[in-house]
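Only one structure is covered here, and it is reproduced in the block below.
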Amino acid sequence: MSDVASTFRDQYGRDPEGLWAAPGRVNLIGEHTDYNDGFVLPFALPMRVVAAAARADAGWQVRSDLEDEQASFESAGEPGTISGWAAYVAGVVWALRDAGYEVPPADLAITSDVPLGAGVSSSAALESAVLTALIDLGELEIPVAERPALAQRAENVYVGAPTGIMDQSASIRCEAGQALFLDCRSQEVEQIPFDVAAEGLAVLVVNSNAPHKHVDGEYGARRKSCEEAARLLGVPALRDVAADGLDVALERLDDDVTRRRVRHVVTENQRVLDTVELLRSGRIREIGPLMTASHASMRDDFEITVPEVDVAVEAALTAGAYGARMTGGGFGGCVLALIDADRADATAAAVADAYAKHGFTAPTPFVAVPSQGATRL
Ligand code: GLA
């Protein structure tokens, strides 16, 4: 990652007032449950966006070495005014202002080592780093619990992506060594100890490197069918269908696709709760089968996986993983595998072999350590 403080100095001819970092995330379990008011269990990655920033006289200037580009705007305007990567920055300025805060004009320089297009929330990391920097620079009093919703509005309304609140919550509220158990309805969180290394375990993340296709359209379509199903079932959100009421609910739906979408969300919420129970009692290995069941549910019922991620999951399991699943919105992205720590290289090699046999572009593996959420450095 580049030295963003010196980029700032080169660009603006003075020192930044500070550096703020916000990480990407992986989700241990709980996929497509956030916009159904359900439960998720992400943890922060060590990869992060770092913003060097200082107050300015007027407007906002941003230098990004992600795109080796610069953008400046006098006002974020209304949603849609600024496009491209700078929309994430302008969106945060807009969301803060729209919520009634006086946003300090600022100069920013941004760098990142969060992989792009890998389904590990590089955009939420960017929003969260900028948000945290602007809050501190403006001495705005915004409780941490209220911050993810501001970053989410930047993404939903300004950028125009209909995502839930998991990614921004993870980037802002995760803590090192913990997974974040988030109730997406109440926004209540519980930090769940997830010290895999102490158990001789590791989480291997494999970026499938599958080309992200149809992501936006398919994501929106899944969200719509969940909302429509909740309407048909007469509940505010699918969160309100309990696991033991699932069969009764399914009988009330005519359409097989809708039934499968509902089954995914309801069973996935229960898997999050079961995972949290196991982790609370220190039974980390036992979450493996829940991870694998989550993957099957995403593949067969929610239909958001692609051959590359299915192959990676199968190969990891065959290589001895306790459990494996795709993480994130789907249609590519990363796979997580819970493995014995000394099996990381062997598991990564097994996935790479399977990829070669299928003629897929080679995957990129790394071991993920649960890391700190957004912070001033
Ligand atoms: C994307 C979205 C999240 C969440 C996941 C699926 O990452 O940004 O809000 O819906 O997909 O769990």
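The values are calculated or read from the model by the stated rules, or taken from the named source; none is laboratory data. In this text, all values refer to a predicted model and were calculated from it rather than measured experimentally. No Cβ is skipped: glycine too gets one built from the backbone with ideal geometry, and neighbour counts run over all protein chains shown. Heavy atoms of the whole protein, side chains included, go into the accessibility calculation; ligands, DNA and RNA do not. Shrake-Rupley method; radii C 1.70, N 1.55, O 1.52, S 1.80 Å.
Things to note:
- Every residue from the stretch 332-362 that is open to solvent by 20 Å² or more (accessible area, probe 1.4 Å) and not in a helix (DSSP H, G or I): Asp340, Gly359, Phe360, Thr361, Ala362
- Criterion applied to Asp247, Asp254 was being open to solvent by 20 Å² or more (accessible area, probe 1.4 Å), at pLDDT 95 or above and part of a helix (DSSP H, G or I), and the one residue passing it is Asp247.
- At least 1 residues being exposed (fewer than 14 other Cβ atoms within 10 Å of the Cβ) is the threshold, and among the strands (runs of 3 or more DSSP E) wholly inside the stretch 30-104 those reaching it are 42-55, 69-73.
- Only one of the numbered conditions (1) assigned to a helix (DSSP H, G or I); (2) surrounded by fewer than 17 Cβ atoms within 10 Å (Cβ to Cβ) is not met by Leu317, and that is (2).
- So Gly323, is it out of contact with any strand residue (DSSP E or B) (no Cβ under 7 Å at 6 or more places or on another chain), crowded, with 23+ Cβ neighbours inside 10 Å and not polar (S, T, N, Q): no
Conditions tested, residue by residue: (1) part of a helix (DSSP H, G or I); (2) not β-branched (Val, Ile, Thr).
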{"position": "Val206", "(1), (2)": "no, no"}
{"position": "Tyr219", "(1), (2)": "yes, yes"}
{"position": "Val235", "(1), (2)": "no, no"}
{"position": "Thr258", "(1), (2)": "yes, no"}
{"position": "Val266", "(1), (2)": "yes, no"}
{"position": "Val272", "(1), (2)": "yes, no"}
{"position": "Thr292", "(1), (2)": "yes, no"}
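- Of all residues in the stretch 68-85, none satisfies being under 22 Å from the mean Cα position of the chain (by Cα) and within 16 Å of the ligand (Cβ to nearest atom).
- Scanning the stretch 201-236 for residues that are farther than 30 Å from Ala249 by Cβ and open to solvent by less than 60 Å² (accessible area, probe 1.4 Å) yields Leu201, Ala202, Val203, Leu204, Val205, Val206, Asn207, Ser208, Asn209, Ala210.
- Considering the stretch 27-45, and only residues there that are among the small types (Gly, Ala, Ser) and closer than 11 Å to Leu182 by Cα, the residue that is farthest from the ligand (Cβ to nearest atom) turns out to be Gly38.
- Matching residues, the stretch 146-200, being open to solvent by less than 50 Å² (accessible area, probe 1.4 Å), assigned to a helix (DSSP H, G or I), more than 13 Å from the ligand (Cβ to nearest atom) and in contact with a Gly (Cβ under 8 Å, 6 or more places away or on another chain): Tyr158, Ile172, Arg173
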